[in-house]
Each structure stands twice: as structure tokens, then as C-alpha cells.
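Notes follow the structure.
The values are calculated or read from the model by the stated rules, or taken from the named source; none is laboratory data. Remember, predicted model here, so these are calculated numbers, not experimental data. Here the Cβ is made from the backbone with ideal geometry for all residues, glycine too, and neighbour counts use every protein chain on show. Each accessible area value is taken on the protein alone, full model and side chains, heavy atoms only, with ligands, DNA and RNA left out. Shrake-Rupley method; radii C 1.70, N 1.55, O 1.52, S 1.80 Å.
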Amino acid sequence: MASIILRAALPLCFFLVVVLCGGHAHGKKSQASSTDDASVYDVTEYGAAPTNGDNKEAFLAAWRAACGSTAGGNATLLFPNGTFAVGAVEFAGPCTNGDAPAVVIDGVLQPGGRRLSGDAWITFSGVNNLLVTGAGTLDGQGDQSGSSNSRSRTTVCNSTNVNDPIYSPRHHSITTFFFLNDEFTHSSAACRPQTLVLDAVTNSAVRGLRFVNSRGFHVNLRRCTGVVAEGLHIQAPEDSRNTDGIHVGASSHVRILASDIGTGDDCVSVGPGSTDVLVDGVACGPGHGISVGSLGKGEDEEDVRGLIVRNCTVRGTTNGVRIKTWPGSPPSLASNITFEDIVMDAVANPIIIDQQYCPHGRCAAGAPSLVQISDVTFRQIEGTSSSKVAVQLLCSEERPCTGVRLVNISLSCGDLQQCEPAVIENVLGTPPTPGGRSRR
């Protein structure tokens, strides 16, 4: 069994600055059962019923009552036991007294087989101090609708979604896009509804819920500040496309903690405009690993700064920890990124920077990425690779990576006959990896 073992730090820069920020704490009660007073707003008391009929209007009536309550943050919106169908719905703020009610989901929410117009199924927007929790399940029914796995069924929509690389946080332009297996083009307009979207939400948390079979991303945090996603259980078929577990875009001070995620795409993806993001204690697999990006698909993308991924296990995925940028991209920056204390189990491409990311071959031919990657540390990463090349740093020839460090890397190639050397391209100041090949 051949191995790649890097016990000493590779001194690719003179110093590394890592921003460590404390986690966000949300003090609301987590269970509606802890109180029987009038501040509990049960959706069944507003006409919701566990049938296949659309409960949207009943849900919204209960939300308006809870959000408008003088109890403010002490109010609770309750989805009790039972299976409730609902089409696309948005719970919008601001709420009375400035704080959103706690939202407790103990039952199962489903679209009821409906086709969903728009890019989101359940959205909370413009609220502060929101807690979404409970023992329940959000079932996107992607396995039944075909929208997650089928090439033939899609949903037409326009979007201001910051997951869309064509969307510009600076200009808030509305554009159509084609969303297919990590690729966006202008050729047609289609999107897959994401199960839970928090949009422009502050000082909030999503805890303890189960998400299954989303038609698009399972959880999307966009334009958020101070949000915690903790103790989530997210599952989708390994062959379901674009079903990222948790996506972060244009958000800051985000914590993703102690969650089990297995989907057909990235377990966690961090997109443009994200700063101070911590991913800690995530068990990932199957899927595409934990990724920064993809970056550089659209104009005016904002930078990614201050990401820490630590204490995670990645099992049976097509990538481990990854930074991916498109060729021919406009200028932007991804910096101050740390991956540490990661265990890989039969993972293809355990460590990879890919600045030639082009999953379907329809990219700007020969044009280098202009995303500058700097100050990246891979530390204490061990386990097994299912591919012959365990470490690949494929940086841009126009914007070479700077300040990259590999510290205490121990990866074996499992049952493969031998590991091929690590591949390092266009990384400034990189000494040759033992047994590897470096090209600049």
C-alpha cells in the first residue's frame, strides 16, 4: 500500500492569518411543548389539516398571527405531528417587536407532489432572532417529482438567487438561468426549488430537523448574518443532482455544526460573498465533499474570506475538501481558508484546488481563471483515497495560488496498487512535494 505522507509543513508563505470567531448562541426555547399559553400558534387552529390539500393559506395565517404577536420572540409557530402538504410559501418579516417567533416543526412537510414555481419551496425572509427546530422532516419529494434526478423535468423561473453566479449582489439584477449539475448558462431558464431558504435573516438558527429528497439545495443561507445550522440530518440519493446539503452565499458569521449530510452534490458549499464561515463536526457522504465554490462564473462576484472547516469526516465522496473556480472567470478573491482535522474514508480527490473547473466542457476554452486563491492551509488530514492522486493543487496560470500550506497530511491509497505523485501547478513558492511533480 503506497501512501502520501507530509509530516512537515510546506512553507509556502511566511505567515498565515486565520480568523477565528466565536459561535452564535440563540436563546429561544426549542420545544413548543414547554408552554401551553396563548403564545403558541398551532397551524391546525388556522385551518391546516394533514391531507394532500395545499395548506399554504392556513400556514400564512398562523405565521401572521405569530409574527404580529406582542409576545414577539416568545411566540411559537407550531407544525404538530402529521403530514402536511404545502406549495411554495414565504414567511416574511419584519415581525412585531423585532423578533421572529420560534418555529417548531414536529410533523412532516411535503409539497404533495406539486410542481413548484420559483427557486424555493419554504422561505423565511427579513426576520431577526428566528429559531427553526423540532423533531420533524422537510421532504422535498425530489425522488417523486423527477426534478432532482431527471433531465426532462424542470421548473421555469426568474431569480434573484445569490446561488446563481449570474446574480450580482452589487446590482441585484434579475436574470434567467439554466441550472444543471453545477452549471449555469444563459441558454434557457430553469431551476430546481430549494427546500429551505433563509434570505436576509439575522441572528438566527436552524436546529435538529431532518431534510430528505430536496429538488434542489436542501438548505440555502443567502444574505444572512449570524446564522447557526446545527444538528441537521440531510439525505438525498447519491445520483440526485444539485442537491447540496447546506449552501452559504453572500452571508457572514455563519456556523454549520454537528450535522450528518449525504446527497448527490456538495455536502456543504460556500459561494461568493461569504465571510467568517465555520464548518465543524460534519459527517459528509455520499456526495461531492465540502467545497468552496464554484467561484467565478458571473460578473461582480464578491470575495470569499475567512472559512474554517474542521473536525469533519468525509466518506465515499467524489471529492474531499475542494476549492473550485471556473476558467475565464472575472477577477475575485478567495482567501484565509483552513481545512483541518479531517478524516477521509475511500474518498476520490481528498485534497483538491481546481481552477479549471468545467464539469461539462462548455467553458471559455484556454482562458485562465482570474480568481486569486491565497492563504489556504490543509492541516492534519488523514485517511484513504479511492483515486491514485490524493493531492491536486491545480491553480491558475494567470493568478497563481499564494500562501498555500500542507501540514501533517497522511493519505494512503487503500487497495490501489500505488499512489501517483501529488500534482502541483501554478502555486508560488511551492517546494516539490516528496515524490510529486510541480509545474509553473
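If you wrap a convex hull around the Cα atoms of the range 227-350, how much volume per residue is inside, in Å³? Mind showing how you got there, number by number?
On the way: hull volume 10.8 nm³, N = 124.
Hull volume normalised by residue count: 87 Å³.
Compute the FRET efficiency between ASN311 and ALA92 as 1/(1 + (r/R0)^6), taking r as their Cβ-Cβ distance and R0 = 51 Å, and round to the nearest 0.05. Intermediate results must be reported in sequence, preceding the final value.
Details: r = 36 Å, r/R0 = 0.70.
In this case the efficiency is close to 0.90.
What distance in nm lies between label points placed 7 Å from Cα along the C-beta direction at GLU398 and GLU299?
In this crude spin-label approximation the distance works out to 1.5 nm.
With each pseudo-label sitting 7 Å past Cα toward Cβ, what's the LYS56-ALA367 distance in nm, one decimal?
It works out to 3.9 nm between the two label points.
Test of understanding: what is the full-extension gain from GLN380 to ASP239, defined as 0.36 nm times their sequence separation minus their Cα-Cα distance? If you can, show how the numbers build up before the last one.
Values: separation 141, 0.36 × 141 = 50.76 nm, distance 3.02 nm.
My answer for the length gained is 47.7 nm.
Considering only C-alpha atoms, what is the centroid distance from the range 95-112 to the range 330-346, in Å?
That distance is 34 Å.
Mind running the shape call on the range 315-419? Use the C-alpha gyration tensor, a ≥ b ≥ c as the square roots of the eigenvalues: rounded below 1.5 for a/c, prolate if a/b tops b/c, oblate otherwise. Please report the intermediate quantities before stating the final value.
Details: a/c = 2.55, a/b = 1.50, b/c = 1.70.
It comes out oblate by the Cα gyration axes.
Taking the Cα-to-Cβ direction at ASP42 and at THR70 and moving 7 Å from each Cα, how far apart do the two end points lie in nm?
Roughly 2.4 nm, to one decimal.
Through the Karplus equation 6.51 cos²θ - 1.76 cosθ + 1.60, θ set to phi - 60°, convert the phi angles of the range 43-52 into ³J(HN,Hα) values in whole Hz; use x for Gly and Pro.
4, 5, 7, 10, x, 5, 9, x, 10, 7
On the accessible surface of the range 252-399, probed at 1.4 Å, how many percent belong to carbon and sulfur atoms?
On the way: 1910 of 4210 Å².
C and S atoms contribute 45 percent here.
Under 16 Å Cα-Cα from LYS297, which aspartates and glutamates qualify once same-chain neighbours fewer than 8 residues away are excluded?
Excluding near neighbours in sequence, the set is ASP164, ASP182, GLU183, ASP354.
Which ³J(HN,Hα) values in Hz, rounded to whole numbers, follow from the phi angles of the range 199-211 under the Karplus curve 6.51 cos²θ - 1.76 cosθ + 1.60, where θ = phi - 60° and Gly and Pro get x?
10, 6, 9, 10, 6, 9, 8, 10, 9, x, 7, 10, 10
Subtract the Cα-Cα distance of ASP341 and GLN144 from 0.36 nm times their separation in residues, and report this length gain in nm to one decimal. Walk me through the numbers before you get to the answer.
Details: separation 197, 0.36 × 197 = 70.92 nm, distance 3.79 nm.
Taking 0.36 nm per residue and subtracting the Cα distance, the gain is 67.1 nm.
Kindly rank 43-49, 393-399, 243-249 from highest to lowest mean number of other beta carbons found within 10 Å of each residue.
Values: 43-49: 17.9, 393-399: 21.3, 243-249: 28.6.
The packing order, highest mean first, is 243-249, 393-399, 43-49.
If packing is taken as the average count of other Cβ atoms within 10 Å, what order do 89-101, 316-328 fall into, highest mean first? Let's see the in-between values first.
Numbers: 89-101: 20.3, 316-328: 24.3.
In decreasing order of mean packing, 89-101, 316-328 become 316-328, 89-101.
Taking R0 as 60 Å, what's the FRET efficiency between ASN408 and ALA49 from their Cβ-Cβ distance, rounded to 0.05? Write out the running numbers ahead of the final one.
Values: r = 57 Å, r/R0 = 0.95.
So, using R0 = 60 Å, E works out to roughly 0.60.
Taking H placed 1.01 Å from N in the peptide plane, check which residues at least 5 places from VAL404 or on another chain put their amide H under 5 Å from its amide H.
Residues meeting the amide H criterion: ASP375, VAL376.
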